[in-house]
1. Could you figure out which of (1) of a type in the set (S, T, N, Q); (2) in contact (Cβ under 8 Å) with a residue 40 or more places away in the chain; (3) surrounded by 14 or more Cβ atoms within 10 Å (Cβ to Cβ); (4) farther than 30 Å from Lys49 by Cβ isn't true of Thr221?
2. Please specify each residue of the stretch 68-86 satisfying the condition of being surrounded by fewer than 20 Cβ atoms within 10 Å (Cβ to Cβ) and either free of Cβ contacts under 8 Å to residues at least 40 places away in the same chain or aliphatic (A, V, I, L, M) (or both).
3. Select from the stretch 144-166 the residues that are surrounded by fewer than 17 Cβ atoms within 10 Å (Cβ to Cβ) and under 20 Å from the mean Cα position of the chain (by Cα) and list them in ascending order.
4. Can you tell me which residue in the stretch 147-176 is modelled with the lowest pLDDT, limited to those that are under 24 Å from Leu211 (Cα atoms) and of a type in the set (A, V, I, L, M)?
5. Report whether or not Lys95 is under 20 Å from Gln208 (Cβ atoms), modelled with pLDDT under 95 and of a type in the set (Lys, Arg).
6. Residue by residue through the stretch 128-149, note down the ones that are of a type in the set (Asp, Glu) and in contact (Cβ under 8 Å) with a residue 60 or more places away in the chain.
7. Here is a check on your reading of the model: is Met65 part of a strand (DSSP E or B) and either in contact with a His (Cβ under 8 Å, 6 or more places away or on another chain) or buried (at least 20 other Cβ atoms within 10 Å of the Cβ) (or both)?
8. Can you tell me which residue in the stretch 87-108 is nearest to Ser143 (Cα to Cα), limited to those that are of a type outside the set (S, T, N, Q) and assigned to a strand (DSSP E or B)?
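The values are calculated or read from the model by the stated rules, or taken from the named source; none is laboratory data. The shown structure was predicted, so the numbers you read here are calculated from the model rather than taken from an experiment. Don't worry about glycine lacking a Cβ; one is built from the backbone with ideal geometry, like all the others, and counts go over all protein chains shown.
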Amino acid sequence: MGKTLEIIKKKIFFVLLLIISSCSSNKDFSRAKYIFENYLNPKNKDVEKEITSEMLKDINYPIIMVQTNKIVQRALMLPMTTRDGFQNFTSGSGKSLTTQGSLITKTNGFNAYLISAKVNETSPLTTNLEPENWPKEEYFEYSFISSDFKIKSYSVECKYLSSTDETIKILENNIKLKKIIQNCSYNKNNEYENIFWLRENGEILKSQQYLIENDMIFEITRLKD
C-alpha cells in the first residue's frame, strides 16, 4: 500500500511539472522543478524559505499557499481541475484540496477528514461580493468521515462582523484589505472563528478557516491568479 501511494505521489509530481513547464523554456522547467522540490517535497523540513514573485513569475497557473496548525506546515498547490465553480488543488506530495470560491469543501491527505461543505449559492465565500453587501449571517453544512468510516455531519450558524481595514503581506507585497471575522457556532455550545481578507470588490485573497474534526485551522493565501 505504501509503495503504491509513493508511486501515485511521484506521478502527480511529474504531471505538475509537465503542466507548469509546458510551452516553456528549459530554464523555466528548471525553475519549476526547483520550486516543487523545495516547497512541495514532504521530506523537506525547511518551510521557512521565503517565496517571492520572481520565483513564481514563469508559472502561468494559479498558485495557493496552504498552512495548517497540524502536520502540514506549508504547501504550495496548483489547480488540477475547475468545474461548476469548484477547483481541485493538489501538491507535489499527493495532498489535495477542493474549494468553492474561497470555501474549503473537501480535503485529502491533511487528516482533516472533510468530505463536503455546503452553503447558499449566493454566499460571499463563493461569489465576489463587496464587504458592505455581505449578509449578517449564513448557514453551513459540513460532513466529515471518521476513522471507522462513519459520516459525521454538522450544521453551523455563522455571523459576520463589520469589516475593518488591515494591511497584510502576500509574497513581498504589503496589501491593504478588508478584514471580516466570521463567528460560528454548532451543537449549541461550541464556537469558533474564521477570518477573511478581501479587496473592495469582494475578491478574497486570504482566509483562515477552522474545520471541526481534528481541530484543524487552514490558512489559504492566493499567491498568483
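1. Thr221 satisfies every listed condition except (4).
2. Passing the criteria: Ile71, Gln73, Arg74, Pro79, Met80, Thr81, Thr82, Arg83, Asp84, Phe86.
3. Ile145
4. Filtering first and then ranking leaves Leu161.
5. Working: under 20 Å from Gln208 (Cβ atoms): yes; modelled with pLDDT under 95: yes; of a type in the set (Lys, Arg): yes.
Here the answer is yes, as Lys95 does meet what is asked.
6. Matches in the stretch 128-149: Glu130 only.
7. So Met65 does not fit the description; no.
8. Residue satisfying both the conditions and the ranking: Lys106.
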